[in-house]
């Protein structure tokens, strides 16, 4: 069943269009930056983008920062929202279940396909960005300092020490990919749960995005400080801490924990609802 | 083959299926009739484990459902509320995907089984066009092919001839009879009475969620005890059979209350020409209309007739949703 779901995902034109768009945006940004040599000043614009002019090998991380706020969650929510609701909407769900495919099996297969899509998306963005980055910006060793990071204070090169070797950058980028992958899985789990509730794929995807936007609003709202640590998007940007010297683990660990809880809770809810639901689509 | 005991399904306040005791025997061609919204589709969905019963039991092939669905369903081919397929893939690719789903489809024989199923439903020559370009009739045939792919012992078909032209309907009917002769039990729901009349050996009629009739078709169509006489000499025949003629329609008389042999004797003795003579049989249509009310797609004003008011009273209101999509 898992193989069937992967084949279905791979044979759907929409999957490839969304991946192409995801990879295309960072390339577009890289072309503009390399032509004009106008990187946003440190502390503004997507994280790490200001540092890429010195080394293209940091561009994968910058590219992830570019697609993370909107593009990636939208793509993941669409795929996850489509998983059960899409089958229900097209009328194929009843034939799958009457085949029979166990409901739990179907849900697991959909989840595996979703994880595969998230991984392929994130890795593909990183790989195309690495290719574009080294092509347009060269690949000399990077000098990373907190000043290169959107969130932290100015010119503190001495505090965190000097350069990262290519091997270190590779390891840290892998860490960032894993972190972002897990964050996206959190989005996917919410969309998958909604997908078991409604028969409209669009409704499920938009519902998940609405949840994210709510969370984004509350994160910046001082009055909502009490719920702040539990919001799904609270630690989304913590992956930039992989590029600090030394790595700042505190928020990364919390980010993993929060996403883990969201994934577990929403998958459990999706399973509980889907396994006992009357299929009337 | 299919036995249900007091099968009941309630959607919130609406009683969609009410205490149904279905009995489909091995080798039957069972026609399941009822107006729109009477609970046909809900019942079919319960048989397939898509909708869970509120109470009652289902036993298929001697095993309880939906508990043993993993053993029962692979032996069943189903068409529920119209065919459906992934529109961007070809018919063959769709059959391959649905066959690969679940456990039972062996990959080695898949290509052959797909070819056979397509051949059976008259789609042997289809190319790689995506299903979204198919006509309604082609989709219906593809749905039937999917149901036939694993050589099922039981076919559960919801409106199997929907969207087909008269020739297609004939083909499907012949196919189902052929499969039935080879040992496949056929359970089909329909509101095409002629369809059921020509194909089925037993019928069940459901109305407002209750099974109101379940009987061999031969028994249901049995003689009414009245005779039909066709004659060119209508006036003389009426005179001869004075008092016995129930109704005159054109050149046909409906005669009641004396046995057919006596009628025939009297007419001949009086020199009345008779061009056709035979017992009156109940038609399936009369029977079904007699035992069912209006379907849920007809909405009369509240309190317009006593029948629907009574139905609301026992919980099966006009808003019944057995056939909704």
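The values are calculated or read from the model by the stated rules, or taken from the named source; none is laboratory data. Note that the structure is a prediction, hence the values are computed from the model and not measured. Cβ sites come from the backbone with ideal geometry, for glycine too, and all protein chains shown count toward neighbours.
Does residue B:60 fit the bill of being within 14 Å of chain A (Cβ to nearest Cβ), under 30 Å from residue B:211 (Cα atoms) and in contact with a helix residue (DSSP H, G or I) (Cβ under 9 Å, 6 or more places away or on another chain)? It would help to see each step written out before you state the result.
On the way: within 14 Å of chain A (Cβ to nearest Cβ): yes; under 30 Å from residue B:211 (Cα atoms): yes; in contact with a helix residue (DSSP H, G or I) (Cβ under 9 Å, 6 or more places away or on another chain): yes.
Yes; evaluated as a whole, the condition is true for this residue.
For the structure I just gave you, tell me whether residue B:145 is modelled with pLDDT of 90 or more, surrounded by 20 or more Cβ atoms within 10 Å (Cβ to Cβ) and either closer than 27 Å to residue B:111 by Cβ or within 13 Å of the chain's Cα centre (by Cα) (or both).
Details: modelled with pLDDT of 90 or more: yes; surrounded by 20 or more Cβ atoms within 10 Å (Cβ to Cβ): yes; either closer than 27 Å to residue B:111 by Cβ or within 13 Å of the chain's Cα centre (by Cα) (or both): yes.
For residue B:145, the condition - modelled with pLDDT of 90 or more, surrounded by 20 or more Cβ atoms within 10 Å (Cβ to Cβ) and either closer than 27 Å to residue B:111 by Cβ or within 13 Å of the chain's Cα centre (by Cα) (or both) - is met.
Could we say that residue B:86 is facing another protein chain (nearest Cβ under 8 Å) and over 24 Å from the mean Cα position of the chain (by Cα) here? Even if it seems obvious, please write down each step before you answer.
On the way: facing another protein chain (nearest Cβ under 8 Å): yes; over 24 Å from the mean Cα position of the chain (by Cα): yes.
In short, yes.
Only one residue in B:172, B:186 is within 23 Å of residue B:40 (Cβ to Cβ) and either within 14 Å of another protein chain (Cβ to nearest Cβ) or not in a helix (DSSP H, G or I) (or both). Which one? Quick ask: steps written out before the conclusion?
On the way: B:172 fails: either within 14 Å of another protein chain (Cβ to nearest Cβ) or not in a helix (DSSP H, G or I) (or both).
The match here is B:186.
Give me a count of the residues in region A:89-102 that are part of a helix (DSSP H, G or I) and either within 9 Å of chain B (Cβ to nearest Cβ) or crowded, with 22+ Cβ neighbours inside 10 Å (or both).
Summing the residues that are part of a helix (DSSP H, G or I) and either within 9 Å of chain B (Cβ to nearest Cβ) or crowded, with 22+ Cβ neighbours inside 10 Å (or both) in region A:89-102 gives 7.
Identify the residue in region A:235-281 that is in contact with a helix residue (DSSP H, G or I) (Cβ under 7 Å, 6 or more places away or on another chain), assigned to a loop (DSSP other than H, G, I, E, B) and within 20 Å of residue A:61 (Cβ to Cβ) and, among all such residues, is nearest to the other protein chains (Cβ to nearest Cβ).
A:235
Results for (1) without any contact (Cβ under 8 Å) to a residue 40 or more places away in the chain; (2) more than 9 Å from chain A (Cβ to nearest Cβ), shown as yes or no for each residue.
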position	(1), (2)
B:25	no, yes
B:32	no, yes
B:36	no, yes
B:39	no, yes
B:49	yes, no
B:53	no, yes
B:56	no, yes
B:82	no, no
B:90	no, yes
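Looking at (1) within 26 Å of residue B:216 (Cα to Cα); (2) surrounded by 15 or more Cβ atoms within 10 Å (Cβ to Cβ); (3) in the same structural domain as residue B:229 (by TED's automatic domain parsing); (4) modelled with pLDDT under 85, which one does residue B:254 not meet, given that it meets all the others?
(4)
Looking at A:64, A:107, A:114, can you tell me which residue is within 19 Å of residue A:194 (Cβ to Cβ) and either away from chain B (no Cβ under 14 Å) or not in a helix (DSSP H, G or I) (or both)? Spell out the reasoning first.
Values: A:64 fails: within 19 Å of residue A:194 (Cβ to Cβ); A:107 fails: either away from chain B (no Cβ under 14 Å) or not in a helix (DSSP H, G or I) (or both).
From the options A:64, A:107, A:114, the qualifying one is A:114.
Condition check ((1) within 14 Å of another protein chain (Cβ to nearest Cβ); (2) touching a residue at least 12 places away in the same chain (Cβ under 8 Å); (3) in contact with a strand residue (DSSP E or B) (Cβ under 7 Å, 6 or more places away or on another chain); (4) surrounded by fewer than 23 Cβ atoms within 10 Å (Cβ to Cβ)) across all residues:
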| residue | (1), (2), (3), (4) |
| --- | --- |
| A:11 | yes, no, no, yes |
| A:33 | no, yes, no, yes |
| A:55 | no, yes, yes, yes |
| A:60 | no, yes, no, no |
| A:68 | no, yes, no, yes |
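Given the criteria in contact with a helix residue (DSSP H, G or I) (Cβ under 8 Å, 6 or more places away or on another chain), within 22 Å of residue B:37 (Cβ to Cβ) and at pLDDT 80 or above, does residue B:274 qualify?
On the way: in contact with a helix residue (DSSP H, G or I) (Cβ under 8 Å, 6 or more places away or on another chain): yes; within 22 Å of residue B:37 (Cβ to Cβ): no; at pLDDT 80 or above: yes.
For residue B:274, the condition - in contact with a helix residue (DSSP H, G or I) (Cβ under 8 Å, 6 or more places away or on another chain), within 22 Å of residue B:37 (Cβ to Cβ) and at pLDDT 80 or above - is not met.
Would you be able to tell me the number of residues in region A:13-28 that are away from every other protein chain (no Cβ under 14 Å) and in contact with a helix residue (DSSP H, G or I) (Cβ under 8 Å, 6 or more places away or on another chain)?
To start, the set of residues in region A:13-28 that are away from every other protein chain (no Cβ under 14 Å) comprises A:18-28.
This time we only want the ones that are in contact with a helix residue (DSSP H, G or I) (Cβ under 8 Å, 6 or more places away or on another chain), so: A:18-19, A:21-23, A:25-27.
Of the residues in that region, 8 qualify.
From B:62, B:102, B:82, which residue is surrounded by fewer than 19 Cβ atoms within 10 Å (Cβ to Cβ), at pLDDT below 90 and at positive phi?
Numbers: B:62 fails: at pLDDT below 90; B:102 fails: surrounded by fewer than 19 Cβ atoms within 10 Å (Cβ to Cβ).
From the options B:62, B:102, B:82, the qualifying one is B:82.
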